[in-house]
1. Quick one: which residue in Val107, Val184, Val92 is surrounded by fewer than 19 Cβ atoms within 10 Å (Cβ to Cβ), more than 26 Å from Gly342 (Cα to Cα), aliphatic (A, V, I, L, M) and under 22 Å from the mean Cα position of the chain (by Cα)?
2. Answer yes or no as to whether Leu187 is touching a residue at least 12 places away in the same chain (Cβ under 8 Å) and either of a type outside the set (Val, Ile, Thr) or outside any helix (DSSP H, G or I) (or both).
3. Name the single residue, out of those in segment 110-120 being of a type outside the set (A, V, I, L, M, F, W, C) and in contact with a strand residue (DSSP E or B) (Cβ under 8 Å, 6 or more places away or on another chain), that is surrounded by the fewest Cβ atoms within 10 Å (Cβ to Cβ).
4. Quick test of your reading of the structure: Val351 fulfils all but one of (1) among the β-branched types (Val, Ile, Thr); (2) out of contact with any Asp or Glu (no Cβ under 8 Å at 6 or more places or on another chain); (3) not in a helix (DSSP H, G or I). Name the failing condition by number.
5. What about Val286, is it closer than 29 Å to Ile134 by Cα and under 18 Å from the mean Cα position of the chain (by Cα)?
6. Whether any residue in segment 86-103 is assigned to a helix (DSSP H, G or I), in contact with a Gly (Cβ under 9 Å, 6 or more places away or on another chain), at pLDDT 90 or above and over 16 Å from Leu310 (Cβ atoms) is what I want to check.
7. Can you tell me which residue is surrounded by the fewest Cβ atoms within 10 Å (Cβ to Cβ) among those in segment 286-323 that are under 22 Å from Ala31 (Cβ atoms) and out of contact with any helix residue (DSSP H, G or I) (no Cβ under 8 Å at 6 or more places or on another chain)?
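The values are calculated or read from the model by the stated rules, or taken from the named source; none is laboratory data. Everything quoted here is computed from the prediction, not taken from an experiment. With ideal geometry, Cβ positions are generated from the backbone for all residues, glycine too; neighbour counts draw on all protein chains shown.
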Amino acid sequence: MTPFARHDRTFVGRWWWTVDHFMLGGILVLAMLGVFMVFAASPPMASRLDFAETHFIVKHATMLAASMTLLFLMSLFGPRGVLRIAWICLAVFGMLTLATLFFAEEVKGSQRWLRMFGMQLQPSEFLKPSLAVIGGWLLARAEGMSGALPAAVFVGLSVCILLMQPDVGMAAVVTLIFCAQLFVAGLSWYLVGLVLTTGIVGLYGAYTFLPHVRERFDVFFGPVAEYDQIGMAMRALSSGGLFGRGPGEGVVKYSLPEAHSDFVFVTAAEEFGILFCLLIVFVFAVVVLKALHRVQQNNDRFVQLAAFGLAAELGLQAVINMAVNLNLMPTKGMTLPLISYGGSSMLALGVGLGMLLALTRRGVRLGGGA
């Protein structure tokens, strides 16, 4: 039974018959798995902070409800409406990201969060989807790579502000998404090599001049101590086996910092096993690959580039978080989309995934309705 008949011509009815049901279903499955994991992993952290055991669970559920509302509203728009919202988000949250340099308190060596609306807001989270859409539009305005320079200006300015916070992880993600869009738009292999070389030089500069970046790399390449963050994560990963220790039976979450957010993947591995983690990976792959399939079917260049950037954002953030949890990358302070506990990151995901669903609806083009 579907909620709408095929001949239903209402606004929501048209949305239902044009939106990709596999992508929508995958997103909802990830959201449900996220609630499950925050319920399992967050009580020890709440107790350590003298909060009620349900503190993070209630906050996560509230943010998730707001995120899903944003996702639905964003997905109702056509490409032109998505572009307008992206410009608004870039203007508003770009200014707020700049404001963090002057008004944000320093937390763990960086200034990323503003106290707004009774919550800690990280405005840079909203830059990722808006830059992906606007970068795609600028690249699509003309044939070839003539739109690359104006797109690079917007991305470059945003990256400079992020590096001033400093937030090297977010700056790297924004840059990688843009580079992926450039490659899809037709960037030559020679320029791809130049971009990669520039990125390596920039990473070396961050290691040289930013103490907290150097510390993370030194910890990553050094020996793993049993009771440091990565050591505890590896112990959680190995102790779970295929099927896990059982719901509520995990022990590492009582001592592992950020077990409900940055390291929720290894917390899942300990309690529910490797097979559960593979299920998470599979659902992410379904959403991203289905989005890329829809992109391939659409001939509108803006839709192709913008939707590809949004899909790349989701996949890249998931891969980075999992790689950090598996000790394949230095720690980044990046959440696992929809699975980790999050505030502003969860809201930004609602906006970005809603835009992705809107741009991958059947038959959409930039010349279509708003």
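1. Criteria check complete, one pass: Val184.
2. When the stated conditions are applied, Leu187 passes them.
3. Only one residue fits best here, namely Arg115.
4. Failed condition: (3).
5. Taking the combined requirement at face value, the residue satisfies it.
6. There is no residue in segment 86-103 that is assigned to a helix (DSSP H, G or I), in contact with a Gly (Cβ under 9 Å, 6 or more places away or on another chain), at pLDDT 90 or above and over 16 Å from Leu310 (Cβ atoms).
7. His293
So that you can scan it fast, the table gives a plain yes or no per residue for (1) free of Cβ contacts under 8 Å to residues at least 60 places away in the same chain; (2) under 18 Å from Leu353 (Cβ atoms):
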| position | (1), (2) |
| --- | --- |
| His21 | yes, yes |
| Leu33 | no, yes |
| Phe36 | yes, no |
| Met63 | no, yes |
| Met68 | no, yes |
| Gly78 | no, yes |
| Leu83 | no, yes |
| Thr100 | no, no |
| Glu105 | yes, no |
